[in-house]
Amino acid sequence: MTLLELATKARDVKYTVAALSTEDKNSAIMAVADALEASASDIISANAIDMKNGETKGLSQGLLDRLKLDESRIKGIADGLREIVKLDDPIGQITEEFERPNGLKIKKRLVPIGVVGVIYEARPNVTADVFGLCFKTGNAVILKGGSDALESNKAIVKVIKSALEKGGYPVDAITLIDDTSRETAKEMMRLNGYIDVLIPRGSAGLIKSVVENASIPVIETGSGNCHIYVDHDADIDMAIDIIVNAKTQRIGVCNSAESLVVHEDIAASLLPKLNKALREKGVQIFADAKAKALMEGSEDATEEDFAKEYLDYIISVKTVSSVEEAIEHINKYNTGHSEAIVTNDEKNAEKFLDGIDAACVYVNASTRFTDGFEFGFGAEIGISTQKLHARGPMGLLALTSYKYTIFGNGQIRK
């Protein structure tokens, strides 16, 4: 089936999906969650093919970690879908209501977007997450995953479609494009009239390509050059715990810390201890001159290091003389994703919260919490780093639009 034929089926089914009751949507999502767990062995077998191919192609450790599925991760995917079921259905909710002097009663009602297109790379969990969020909000979805996760994605979509069919729900609510070529991706980016919004998830290169080539609306999700700034009076043990967690808990994700900024007044007390903790985790360190002198085995940092999303056991370190300098440095190099300050100074915390330009800004916590599940959204369709329509982890509300409904009793405009 051609891409246009697949897109036509998704466009044609979107009104059927939009008309489903909350009860039907929840029942379908629960059936899919149960089916995914029941089919874990088949999905893992398909994933093993992708993992073997990835190792042969020399994918980085971070990308292989993103790609890997096991029983625990599949259970996590299924549990994420069950969390979506527990959430309120936003569709049909009235967010504003007012009456005009002429007697017209106006209501602002949340509605589905229609057909959501998602282009993504080696993240097979995205396949199920996106389905659950889109289906709950009455949207059809067209997915184009990368070649690295093709077999995993095909297996997951097969299970989803089977569960929908058994329940009598529209199977074309989810469509997977199994042609992973760049030409097909560019064709998808120009399906005006078929896809209502396009969401890229993946590398900076993928996102740049979609933003530059798409002729349909795009919600830009961003790469994550996430910083942690350690202020002059921070609790050193807390800072080390937060940094090690944010850097090493999972290296291949966009909310992991890639850059460290340290106030010079605390550098001598913090950096030698932090250096030891990071070395024990196998982290390579690129540092400016002041930090390098305090972190044995570190290497000179360049401008490229301060701007880079490593997705690896590597971190850059910059020393500053004030919270203002930290804010300036972070705003220069960040990607608008997630930034954190570790401090006991409430005024500096407020300066940081006010001054940092990012979707999520933390005080005394790891950037690893920037996640739809951790925010209580059940899952996420992506983390938006733009400022129009949606920003940060995108849950159900981000997949809605609205319309005004107007009630009159014969009014005419004069």
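With respect to (1) in a helix (DSSP H, G or I); (2) open to solvent by less than 20 Å² (accessible area, probe 1.4 Å); (3) over 18 Å from Tyr362 (Cβ atoms), the lone exception for Glu212 is condition (2).
In the stretch 351-375, of all residues being over 20 Å from Leu397 (Cβ atoms) and in contact (Cβ under 8 Å) with a residue 60 or more places away in the chain, the one that is surrounded by the most Cβ atoms within 10 Å (Cβ to Cβ) corresponds to Thr367. Looking only at residues in the stretch 244-264 that are assigned to a helix (DSSP H, G or I) and free of Cβ contacts under 8 Å to residues at least 60 places away in the same chain, which one is nearest to His329 (Cα to Cα)? Taking the candidates together, the pick is Glu264. Under the condition of being modelled with pLDDT of 95 or more, open to solvent by 30 Å² or more (accessible area, probe 1.4 Å) and not acidic (Asp, Glu), the residues counted in the stretch 244-281 number 8.
For Ile381, the conditions (1) assigned to a loop (DSSP other than H, G, I, E, B); (2) out of contact with any strand residue (DSSP E or B) (no Cβ under 7 Å at 6 or more places or on another chain); (3) β-branched (Val, Ile, Thr) are fulfilled apart from (2).
Checked against the criterion of being part of a strand (DSSP E or B) and of a type outside the set (A, V, I, L, M), the candidates Lys351, Lys403, Lys347 yield just one match: Lys403. Scanning the stretch 65-117 for residues that are under 24 Å from Val159 (Cβ atoms), open to solvent by 40 Å² or more (accessible area, probe 1.4 Å), acidic (Asp, Glu) and assigned to a loop (DSSP other than H, G, I, E, B) yields one hit, Asp70.
Against the condition more than 22 Å from Ile240 (Cβ to Cβ) and under 25 Å from the mean Cα position of the chain (by Cα), how does Thr335 come out, does it pass? For Thr335, the condition - more than 22 Å from Ile240 (Cβ to Cβ) and under 25 Å from the mean Cα position of the chain (by Cα) - is met. Inspect all residues belonging to the stretch 178-198 and state whether any of them is within 19 Å of the chain's Cα centre (by Cα), buried (at least 23 other Cβ atoms within 10 Å of the Cβ) and within 29 Å of Val111 (Cβ to Cβ). Among the residues of the stretch 178-198, at least one is within 19 Å of the chain's Cα centre (by Cα), buried (at least 23 other Cβ atoms within 10 Å of the Cβ) and within 29 Å of Val111 (Cβ to Cβ), which makes the answer yes. For Leu150, the criteria (1) aliphatic (A, V, I, L, M); (2) farther than 30 Å from Glu55 by Cβ; (3) in contact (Cβ under 8 Å) with a residue 60 or more places away in the chain; (4) surrounded by fewer than 24 Cβ atoms within 10 Å (Cβ to Cβ) hold in every case but one, which is (2).
Somewhere in the stretch 300-321, is a residue more than 20 Å from Arg250 (Cα to Cα), touching a residue at least 12 places away in the same chain (Cβ under 8 Å), part of a loop (DSSP other than H, G, I, E, B) and acidic (Asp, Glu)? Checked the stretch 300-321: no residue is more than 20 Å from Arg250 (Cα to Cα), touching a residue at least 12 places away in the same chain (Cβ under 8 Å), part of a loop (DSSP other than H, G, I, E, B) and acidic (Asp, Glu). Residues in the stretch 1-33 that are hydrophobic (A, V, I, L, M, F, W, C) and touching an Asp or Glu at 6+ places or on another chain (Cβ under 9 Å) were compared, and the one that is most open to solvent (accessible area, probe 1.4 Å) is Leu4.
The values are calculated or read from the model by the stated rules, or taken from the named source; none is laboratory data. None of these values were measured; they are calculated from a predicted model. Please note: Cβ atoms are built from the backbone with ideal geometry, for glycine as well, and neighbour counts cover all protein chains shown. What goes into the accessible areas is simple: the full protein's heavy atoms, side chains included, and nothing from ligands, DNA or RNA. Shrake-Rupley method; radii C 1.70, N 1.55, O 1.52, S 1.80 Å.
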